[in-house]
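K.L.:
I'd like to ask some things about the structure below.
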Amino acid sequence: MDQRRRLRLSLGLGVLTLLLVVAGLAAGSEGWSLTELVRLLSGSDGATIVGQIRAPRTLGAWCVGALLGLAGAMAQGLFRNPLADPYLLGTAAGASLGVVLLLAAGAFAGSSFNLATMALLARFGLVGAAFGGALVGVLLTLALARGAQETVRLLLAGVVVGVVLSALADLVTTAVPDALRGKQVFMLGSTGFLGWGSCLALGVGLLVCVPIAWRWSRALDALTLGEDSARSLGIDLSWARVALVGAMALATGLAVSQAGLVAFVGLVSPHLVQRFAPAPHGYSVVASAAAGGALLLLADVCARSLIAPQEIPVGVLTALLGGGYLLWLLRRWRLT
Amino acid sequence: MGRRVVVWVAWLALLWPLAMAAQPLNLRDDRGMQIMLPSVPKRIVSLLPSLTESVCALDACARLVGTDRYSNWPASVVALPKLGGLDDAQIERIAALKPDVVLVAPSARVTERLEGLGLNVLVLDSRSHDDVRRSLQVLSAMLGAPEAGERVWRGIERDFAEAAARVPIAMRGRRVYFEVDTTPYAAGESSFIGQTLARLGMTNIVPAELGSFAKLNPEYVVRTQPDVIMAVDHSLRDMPRRPGWGALRALRAHRTCGFEGARYELLVRPGPRMGDAARMLADCLETLAEQR
């Protein structure tokens, strides 16, 4: 029964992703149409418009969503908390503080970065800063909450850390306005300028994080029975924590450094997967990544085609979709 | 008898300006509100750079007692107390300056608070050429020299005409992409920058129906292949690295106008220096025509 549902979900996500990729390639500044796509591909513009703009943007949006979905699934499993997500743990706020600090340092040194178009070396520096910030954020939260045992304490600590770190980031941008010219874009998330360089960084990140999540998924399964049971199963929890927190910080840091703050994808994707196909973590972390990718790609396609040739910030759409889903979830909880 | 008349006339001539200054002024701002000022204001606070510039263009710079933090032209306003920005104006400091009138933009959040403190607040919009002209008229009426506003405006018009005449025939009607932010946001046909470009005979790739400042899909810029690209210098340098933007023919052929610092500020301020901005754009278009 469960096996079949999992198969159905995998197939569904696969088909949906394929459809969205086609939609992503077809959705352009003139709204979206397949005939236009065929015309573009046969013309001379195709290499630029489809090959250099739409393809990396589509792939990049999927990767950002996948990293966030993966980070969310790891957080929810590790902290045994259905509301754990890169946002509520201070990870995203930490990552954005890291990004802002690096940009401020750049502005002081007389150079100005653009998130999407920076040179490769600067890109690695940025990912490093975001990763460091994300790690600091989640560790602060854990320290404040004295571990992850108590849901309420963990969430409160996460909220406090998130608020304080984003206030610090705001303070930096007020003091050094040059640090973040496109501040609004960063805060609302943007997929507009994802190029092949971003895709490479994001892809490498996925290749690193997914195996880590997969490798420690048994620890997540064991944790659902409680820490003592997990230990009695012979699982080294401290190593599992280090690996998973590290992978989560890396996934969130990468996503934030390339696309800014995109809300709710990390929270919603694991929920969707659990709803459609309850499964051990080995399956659900990978499926959450796939669901996150599909979700952000859907939001991106909508963002560029709803009022083309203008755009809606993609983070606004994910917040609307995710917020709506959460409200619906809360209502169901109350009813049952 | 003749001597007496002369004395009277002399007295009148002496007292007339004082009488004028003491006359109450009735002004109508862009909210449609009637603002009553007991006399020509001697202490003015301006919370928008373009309004600061307008006050100075009307020869009343000496009456400014404070400005927002971005006002930096003419040089004399730099030394004035800086009172914050549109969203974070420092109400207490403004009140302490005891201004006779505070000039603000419609989006300012302080208007109600300042009025609540009994200050006169004049709300002036400056989003289009017409707005700038109207602001100049209202401000000159406020300063007791109603005809000065039109005089300044005629100066701007002269600059527009002179700049337009200088735009080479080869450049006229060319399609321009004017980037105001790397997001990318563009100055559309209906913005004041777009209006200036139209006065110079240029076409805009962002039509009026998309609004004054449209957030564009980056692909749109690549597909429309503008003939000329205008932006801040460092964004311009950055553009070839944006995905797909290397294919922009204007970038490849260096048909670009880059502006840095003070020169860019001049372009994005809807105030009395719009004529200078138009002349600067014409300079660049002339240089581009020579390159071809």
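K.L.:
What's the ranking of A:155-167, B:110-122 by average number of surrounding C-beta atoms within 10 Å, highest first? Intermediate values should be presented prior to the final figure.
P.N.:
Numbers: A:155-167: 19.2, B:110-122: 17.2.
Ranked by mean Cβ neighbours within 10 Å, highest first: A:155-167, B:110-122.
K.L.:
Now for a different question. If you average the sequence gap of Cα pairs under 8 Å that are 6 or more apart and divide by the length of chain A, what percent do you get for the contact order?
P.N.:
Values: 580 pairs, mean separation 109.8, N = 336.
Across chain A, relative contact order equals 33 percent.
K.L.:
Once you average over the residues of B:239-251, how many Cβ atoms of partner chains fall within 10 Å of each Cβ? Please list the in-between numbers first.
P.N.:
Values: counts 2, 1, 8, 8, 19, 14, 6, 2, 7, 1, 0, 0, 0.
Counting Cβ atoms of other protein chains within 10 Å of each residue's Cβ and averaging gives 5.
K.L.:
For helix B:146-166, what angle does its Cα long axis make with the longest principal axis of chain B, in degrees from 0 to 90 and rounded to 10?
P.N.:
With both axes taken from Cα atoms, the answer is about 20 degrees.
K.L.:
Turning to a different aspect of this structure: In whole angstrom, how far apart do the alpha carbon centroids of the stretch B:192-221 and the stretch B:24-102 sit?
P.N.:
Measuring centre to centre over Cα atoms gives 31 Å.
K.L.:
Add -39500 (n - 2.57) for each DSSP H run of 4 or more in chain A, then divide by its residues: what number comes out at 222 nm, to the nearest 500 deg cm²/dmol?
P.N.:
On the way: 14 runs with 247 residues, N = 336.
One gets -25000 deg cm²/dmol as the mean residue ellipticity at 222 nm.
K.L.:
Summing Lys, Arg as +1 and Asp, Glu as -1, what charge do residues with Cβ under 12 Å from the Cβ of B:Asp276 carry, B:Asp276 excluded?
P.N.:
Numbers: positive: B:Arg158, B:Arg263, B:Arg269, B:Arg273, B:Arg279; negative: B:Glu53, B:Asp159, B:Glu162, B:Glu265, B:Asp283.
So the surrounding residues net to 0.
K.L.:
The stretch A:7-56 to the stretch A:182-228: how many Å between their Cα centroids?
P.N.:
Distance between centres, Cα-based: 24 Å.
K.L.:
Would you tell me the mean number of C-beta atoms belonging to other protein chains that fall within 10 Å of each C-beta in B:222-232, as a whole number? Kindly include the intermediate steps, with their values, before the conclusion.
P.N.:
Values: counts 7, 9, 2, 1, 0, 0, 0, 0, 0, 0, 2.
Mean inter-chain Cβ contacts per residue within 10 Å come to 2.
K.L.:
For peptide A:307-320, how many partner chain Cβ atoms fall within 10 Å of a residue's Cβ, on average? List each step's numbers first, then the result.
P.N.:
Values: counts 4, 4, 14, 10, 9, 1, 2, 0, 0, 0, 0, 0, 0, 0.
Counting Cβ atoms of other protein chains within 10 Å of each residue's Cβ and averaging gives 3.
K.L.:
Does anyone have the angle between helix B:129-142 and the longest principal axis of chain B? Alpha-carbon axes, 0 to 90°, nearest 10?
P.N.:
20 degrees
K.L.:
In terms of modelled amide H atoms, which long-range or inter-chain residues lie less than 5 Å from the amide H of B:Ala214?
P.N.:
Hits under the 5 Å cutoff: B:Ala186, B:Gly188.
K.L.:
Return the percentage of antiparallel bridges among DSSP beta bridges fully within chain B, rounded to the nearest 5 %. Spell out each step's value before the answer.
P.N.:
Numbers: 9 of 28 bridges.
So the antiparallel bridges in chain B amount to around 30 percent.
K.L.:
Right, another one. In nm, to one decimal, how far is the B:Asn72 label point from the B:Ile91 one, both placed 7 Å along Cα→Cβ?
P.N.:
It works out to 2.9 nm between the two label points.
K.L.:
Okay, next question. Please rank B:Lys98, B:Lys215, B:Lys82, fewest neighbouring Cβ atoms within 10 Å first, as an exposure proxy. Before the final figure, lay out the partial values.
P.N.:
Values: B:Lys98 10, B:Lys215 21, B:Lys82 17.
By the 10 Å Cβ count, ascending: B:Lys98, B:Lys82, B:Lys215.
K.L.:
Ranked by Cβ crowding within 10 angstrom, fewest neighbours first, how are A:Ser190, A:Ser44, A:Ser269 ordered? Each step should come with its number before you reach the end.
P.N.:
On the way: A:Ser190 26, A:Ser44 8, A:Ser269 32.
Result, fewest neighbours first: A:Ser44, A:Ser190, A:Ser269.
K.L.:
Can you tell me the orientation of helix B:274-291 relative to chain B, as the angle in degrees between its alpha-carbon axis and the longest Cα principal axis, to the nearest 10?
P.N.:
Helix B:274-291 sits at roughly 20 degrees to that axis.
K.L.:
Continuing with the same structure: Counting each DSSP H run of 4 or more residues in chain B as -39500 (n - 2.57), what helix-only mean residue ellipticity at 222 nm follows after dividing by all residues, to the nearest 500 deg cm²/dmol?
P.N.:
Working: 12 runs with 127 residues, N = 292.
Estimated from H runs of four or more residues: -13000 deg cm²/dmol.
K.L.:
Next question, about the same structure. If I require 24 Å or longer along the helix axis, counting alpha carbons, and a Kyte-Doolittle average no lower than 1.6, what helices from chain A are left? Use full DSSP H segments. All intermediate terms of the calculation are to be shown ahead of the outcome.
P.N.:
Numbers: long enough: A:2-26 (35 Å, 0.91); A:55-78 (34 Å, 1.05); A:91-108 (26 Å, 1.92); A:120-144 (36 Å, 2.02); A:151-175 (36 Å, 1.91); A:196-215 (28 Å, 1.55); A:237-259 (32 Å, 1.32); A:281-305 (35 Å, 1.07); A:314-335 (32 Å, 0.99).
Taking the DSSP H segments of chain A (at least 24 Å long, mean hydropathy at least 1.6), we get A:91-108, A:120-144, A:151-175.
K.L.:
Would you look at the GNM of chain A, springs on alpha carbons closer than 10 Å, and say which of A:Pro280, A:Pro82, A:Pro309 moves the most?
P.N.:
Evaluated over chain A, the most mobile residue of the options is A:Pro309.
K.L.:
Amide H to amide H, which residues 5 or more places from B:Met230 or on other chains are under 5 Å from it, using H placed in the peptide plane?
P.N.:
So B:Met230 has HN proximity to B:Tyr177, B:Phe178, B:Glu179, B:Cys257.
K.L.:
Counting DSSP beta bridges in the protein assembly as shown, what percent are antiparallel, to the nearest 5? Mind showing how you got there, number by number?
P.N.:
Working: 12 of 32 bridges.
Restricted to the protein assembly as shown, the bridges split so that about 40 percent are antiparallel.
K.L.:
Something else: Applying 1/(1 + (r/R0)^6) with R0 = 51 Å to the Cβ-Cβ distance of A:Trp328 and A:Val38, what FRET efficiency is obtained, to the nearest 0.05? All intermediate terms of the calculation are to be shown ahead of the outcome.
P.N.:
On the way: r = 38 Å, r/R0 = 0.75.
Using R0 = 51 Å, I get an efficiency of 0.85.
K.L.:
When A:His271, B:His234, A:His281 are ordered from fewest to most other Cβ atoms inside 10 Å of their Cβ, what list results? Write out the running numbers ahead of the final one.
P.N.:
On the way: A:His271 21, B:His234 17, A:His281 25.
With the fewest neighbours first, A:His271, B:His234, A:His281 line up as B:His234, A:His271, A:His281.
K.L.:
May I pose another question? Under a Cβ-only charge scheme (Lys and Arg +1, Asp and Glu -1), can you give me the dipole magnitude of the stretch B:194-268 about the Cα centre, in debye to the nearest 20? Provide the component values of the computation, followed by the final result.
P.N.:
Values: 10 positive and 7 negative charges, 48 e Å.
Using only the charged Cβ atoms, the result is roughly 220 debye.
K.L.:
A further question follows. Go ahead and run the numbers for FRET between A:Thr174 and B:Trp8, Cβ-Cβ distance against an R0 of 56 Å, rounding to 0.05. Intermediate values should be presented prior to the final figure.
P.N.:
Details: r = 62 Å, r/R0 = 1.10.
After rounding to 0.05, the efficiency reads 0.35.
K.L.:
Give the calculated FRET efficiency between B:Glu150 and B:Asp233 to the nearest 0.05, with a Förster radius of 35 Å applied to their Cβ-Cβ distance. It would help to have the intermediate numbers written out before the result.
P.N.:
Numbers: r = 36 Å, r/R0 = 1.02.
Between B:Glu150 and B:Asp233 the formula returns 0.45.
Bear in mind these aren't lab numbers, they're just calculated from the coordinates by the rules spelled out. Everything numeric in this text was worked out from a predicted model, so none of it was measured. Here Cβ is always computed from backbone atoms with ideal geometry, including for glycine, and neighbour counts include all displayed protein chains.
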